[in-house]
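Working notes, structure below.
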Amino acid sequence: LADEQEFASAPLATDRRSKIFPPASPPSYSESKTKPTSIMAEPYEIRAAMIAESEKRSYVLKIDGYSMANALLKNGECTTSAPFSVGGHNWVVRYYPNGYPKHCDNYISLYVQLEAADADAEDVKAKAKLKLSLLDKNANPVPWYCRTIPLHTFSRRAPDRGCHDFIYKAGLEVSPHLRDDCLTIRCDVTVVKDIDQEARIPPTDLHRHLGDLLQSKDGADLTFHVGGRTFPAHRCVLAARSCVFKAELLGAMAESSSSTIEIRDMEPDVFEYLLHFIYTDSVPLLDVVMAGHLLEAADRYDIGRLKVICEEKLCSHIDSNMVATSLALAKQHGFRRLKQACLQFLASPSNLNATIASDGFEHLLSSCGWSVFEELRDRTIRLNPKRDIITTFRK
């Protein structure tokens, strides 16, 4: 994806393009009026200042099959994206190819909805602001197709906000932004949280102290040899973080009495990342190739959180060059979520053809055989066409 850029929605009513891009109607959200608050005129000490922090995430939707969506879904009917997490809440995007409500049948409507995890749970609330953008071929927002939705409190009673007149279809269909019957939309969701500054407890810095311990090597009681490099470490830290290391280092295995251990079938850079996570519970900047190697290492030593982080990284960066390698890895180690993400990507005929033409196709055949294509065929037959128009990418 291209870097984030801020655009204002450009008015087009005064130029000749207004026949194709008509003036935007008022947004679908309603402006809430703030009532004045009366304050008692007596001395009162404010004990805590309120500040806010925010978390932002961009969610990109590739609508693969614009014409099919128009034919399958009537006005008021939508297809829904897979859930994604921002600010501790799950969200989905609803795409209406023929608009919603009735008077918007010439438009594409788009809404972002807060998902409640449990219908019986207390009402979940989240403050968030949205930005909806149509992307051009370079993954940059198209200025006149950018809409900003101001801060809103999402709840069970008011779970969604969006834009009923987001994209004028007649204009889109003659524009360069509809390519090969596909269009790409980005939803920026920024969740804002209020914080009681006085009562706020400082965040834990245990990870920093353990990271310093790894770097200083103070008190290290064993050394790993990996691909010609040595890594001092602390037996008790590794045993506390991995049940596999615990069995090897504190149990009856031979390594428990040795101060030097040789690790085979792993690159030293991968082991260095693994140690960094064990001590700090975080990973440095992770590229897709390293995520694949680190996922294997996390599976080997049964480090659950690291497996989830690496699998999430691979799931969110699937393309025709990487899908064969990722699918072979998923089948070899039983990573179900990664496997399903790969199969969903390959369910698109254009993606499948690009994968077959890639260098990784032979690796996929040698690792998985033709069974993966039989499974893909069976899965495609079972697909609900209304729910499989969207191929999703996350940033």
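Bear in mind these aren't lab numbers, they're just calculated from the coordinates by the rules spelled out. In this text the structure is predicted, and so the values were computed from the model without any measurement. Methodologically, a virtual Cβ is constructed for each residue, glycine included, from the backbone with ideal geometry; neighbour enumeration extends over all protein chains shown.
Which GluC sites (Glu not before Pro) from region 93-182 combine a DSSP loop assignment with at most 11 other Cβ atoms within 10 Å?
Within region 93-182, the qualifying GluC sites (Glu not before Pro) (loop, at most 11 other Cβ atoms within 10 Å) are Glu122.
Relative contact order of region 206-282, taken over Cα pairs closer than 8 Å and 6 or more residues apart, is 37 percent.
For region 51-195, go through all pairs of different Cα atoms, get the mean of 1/r, take its inverse, and jot down that Kirkwood value in Å. About 15.8 Å for region 51-195. Each peptide in 134-146, 267-279, 355-367 was scored by the mean count of other Cβ atoms within 10 Å over its residues; highest first, the order is 267-279, 134-146, 355-367.
Relative to the 2.2 N^0.38 Å rule of thumb, region 149-250 has a C-alpha radius of gyration ratio of 2.09.
Between Asn90 and Glu115, the built amide H atoms are under 5 Å apart, and every one of these is 5 or more places off in sequence or on another chain.
The mean of 1/r over all pairs of different alpha-carbon atoms in region 206-282, once inverted, gives a Kirkwood hydrodynamic radius of 12.6 Å.
Dipole check for region 202-258: with +1 at the C-beta of Lys and Arg, -1 at the C-beta of Asp and Glu, and the Cα centre as origin, the magnitude is about 100 Debye.
With 18 Å as the limit, the listed pairs Lys102/Lys125; Lys62/Lys102; Lys313/Lys339; Lys62/Lys131; Lys62/Lys137 have Lys102/Lys125; Lys62/Lys102 beyond it between alpha carbons.
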